[in-house]
Amino acid sequence: MFQVPRGTRDFTPEEMEKRRYIQRTMTSVFLSFGYGEIQTPTFENIELFTAKSGESILNEIYNFTDKGGRELALRPELTAPVIRCYVERLQMEAKPLKLFYFGNCYRYDRPQKGRYREFQQAGCELIGVDTPEAMAELLALAFTILKNIGLKNVRINIGNLSIVSALFKKLHLSKDDQKILLPLIDKALFDDLSVSLRDCNVPEDDAETFISLLQTSDVNKIRSFIADDADSIQELSCMETILGLLQNAFHITAYDIKLSIVRGLDYYKGLVFEIDAPVLGAEKQLCGGGSYELVSLFGGTEVPTSGFAIGFDRTILALEAEDFIFPASKLDVFIIPVNQDMIPISVDIAQQLRTRGLSVDFDLLRRGMGKSLKYADAKHVEKVIIVGPKELTDNTVTLRDMKTGAQELVAISEISAKLKRT
Ligand code: HAM
């Protein structure tokens, strides 16, 4: 039989409820931080993604030629599309511009738990500001989203690409060397990094210091290594101001400085960060982001830009691993007509209750009472309305509490008030 394509998934109503819960919570946090929602197409002209990363990115994305001969790609992420939209339509908007989004992304990855070829991201882009308070707020927003969703244990790792560049400069490493070393740093493959540094003719002591600086949270150690580089010292002080705000104004302390956070995507510069859920072990990175440069590459007037994206799948896996109980939306009431003559009045009652905001279903299969009650039980419905001819003559129905089995006669005109009270 047919199966879903490799790396993609179907989501059942039960799974969709979890995803919608996450989406609702995220939306309310984004809105509470003053962000507005944006939507961009699922596919884009391929140059949007090759412009920064070059042709090598083609190995990692889904690209195709359409019937008009256009080279297109399914978006692997939403930062480039949002910045394209900004340059095309939003440059004149008042700054800062705060945009958030939800969208499916497509990457030609090797599928495994927490890594799929089609996956959903929630993210945001902050355009036109890079003050320390803006960057602290961005970090706080990502953290607040994950905490408000219900995650107990998440940790922010904060890096800085300008400082890592300064370290590279100190070790006299060329751009080509950096291209080899950065993926090893990104994947925290420090043994391989040590070998590659030797291949790049870095003296063993310097290599050791470099690797330890990538892993230290001690700002003073970093500062003393780059003491003669004024720009980097300034960058480090700026980072300290951001972290001071994060800690003292946003009251978030679950963070570490980790210069080994260098991010895989090519557009980042300066501050970068990732948020991990340690409970996940492998593929534990829920969120990634930082400041980046794309606007001028896309033909716009350069402004500071930063943002982050959170993966839905790993967030759900982390919640499940922490035994989080997802709020389940339940059917308020199930209506059982005792015979076929009672169907029109049952429909009428269902419609009345639906317009009053209750979720209502009624037996469409014309089953007997026993089977209908069993179905209602399986659906975890709390109340059942039984519509019978005898009661109808008094304009009443039987209301059954599925938990206790208790039944009472209720006037049809009072059902919704009664159900809303219970
Ligand atoms: P990213 O780190 O590539 O960043 O992706 C962000 C999140 O998407 C990851 O932390 C992870 O949770 C999820 N994710 C990535 N790849 C997969 C996959 N194959 N399967 C399941 N989940 C995945 C970005 O995409 C940047 N655009 C973030 C950003 C926004 N930077 C600035 N603004």
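The values are calculated or read from the model by the stated rules, or taken from the named source; none is laboratory data. Just so it is clear, the structure is predicted and the values come from calculations on it, not from any experiment. Here Cβ is always computed from backbone atoms with ideal geometry, including for glycine, and neighbour counts include all displayed protein chains. Note: areas computed on protein heavy atoms with side chains; ligands, DNA, RNA excluded. Shrake-Rupley method; radii C 1.70, N 1.55, O 1.52, S 1.80 Å.
Things to note:
- Straight-line reach from Lys221: taking Cα to Cα under 19 Å and skipping same-chain neighbours fewer than 8 places apart, the lysines in range are Lys169, Lys170, Lys258.
- Overall shape: oblate for segment 1-104, with the ratio a/c of the largest to smallest alpha carbon gyration tensor axis at 1.5 or above and b/c at least equal to a/b.
- Taking Asp192, Asp177, Asp332 as the candidate residues, the one with maximal mean-square fluctuation in a Gaussian network model of the chain, Cα springs under 10 Å, is Asp332.
- Note on segment 200-345: Cα-Cα pairs beyond 25 Å make up 53% of the total pair count.
- Share of alpha-carbon pairs per 20 Å distance bin for the chain, given as whole %: 22, 44, 23, 10, 1
- Apportionment of accessible area to carbon and sulfur, the chain, percent (1.4 Å): 50 percent
- In plain terms, the chain from Ala227 to Lys67 could stretch by 51.8 nm, reckoned as 0.36 nm per residue minus the Cα-Cα distance.
- Cross-link partners of Lys383 among lysines, defined as those whose alpha carbon lies under 26 angstrom from its own and excluding same-chain residues fewer than eight positions apart: Lys18, Lys330, Lys371, Lys374, Lys403, Lys418, Lys420.
- Relative to one another, the C-alpha centroids of segment 246-323 and segment 1-72 are positioned 18 Å apart.
- Dipole of segment 211-294, positive direction: furthest Cα of Ala249, Phe225, Pro278, with charges on the beta-carbon: Pro278
- Here the contact order of the chain, divided by its residue count and restricted to Cα pairs under 8 Å and six or more residues apart, works out to 16 percent.
- Helix 312-321 vs. the chain, principal-axis angle (Cα, 0 to 90°, nearest 10): 70 degrees
- Summarising the label geometry, the points placed 7 Å from Cα in the beta-carbon direction at Ile180 and Glu293 lie 2.6 nm from one another.
- In this entry, segment 262-347 is assigned a mean projected area of 12.0 nm², taken as a quarter of its C-alpha convex hull surface.
- Loop-located trypsin sites (Lys or Arg not before Pro) in segment 101-195 whose Cβ has at most 13 other Cβ within 10 Å (DSSP): Lys113, Lys152, Lys187
- Cα gyration tensor, segment 337-422 - rounded (a/c under 1.5), prolate or oblate: rounded
- By a 1.4 Å probe calculation restricted to protein chains, Val272 has an accessible surface near 0 Å², given to the nearest 10.
- Nearest 10 degrees, 0 to 90: helix 13-32 Cα axis against the chain principal axis: 60 degrees
- Classified by the C-alpha gyration tensor, segment 1-61 has an oblate form. Its axis ratio a/c, with a ≥ b ≥ c, is 1.5 or above, and a/b does not exceed b/c.
- Accessible solvent surface per residue of the chain, calculated while the other protein chains remain in place, 1.4 angstrom probe, Å²: 51 Å²
- Rounded to the nearest 10 degrees, the angle from helix 369-378 to the longest Cα principal axis of the chain is 20 degrees.
- A DSSP coil position with no more than 13 other Cβ atoms inside 10 Å describes the following trypsin sites (Lys or Arg not before Pro) in segment 1-105: Arg6, Lys67, Arg70.
- Model label zone, Lys113; criterion: amide N under 12 Å from point 7 Å along Cα-to-beta-carbon; scope segment 282-326: 282-284, 317-318, 320-322
- Efficiency of FRET from Cβ geometry, Ala94 and Asn248, R₀ 35 Å, rounded to 0.05: 0.75
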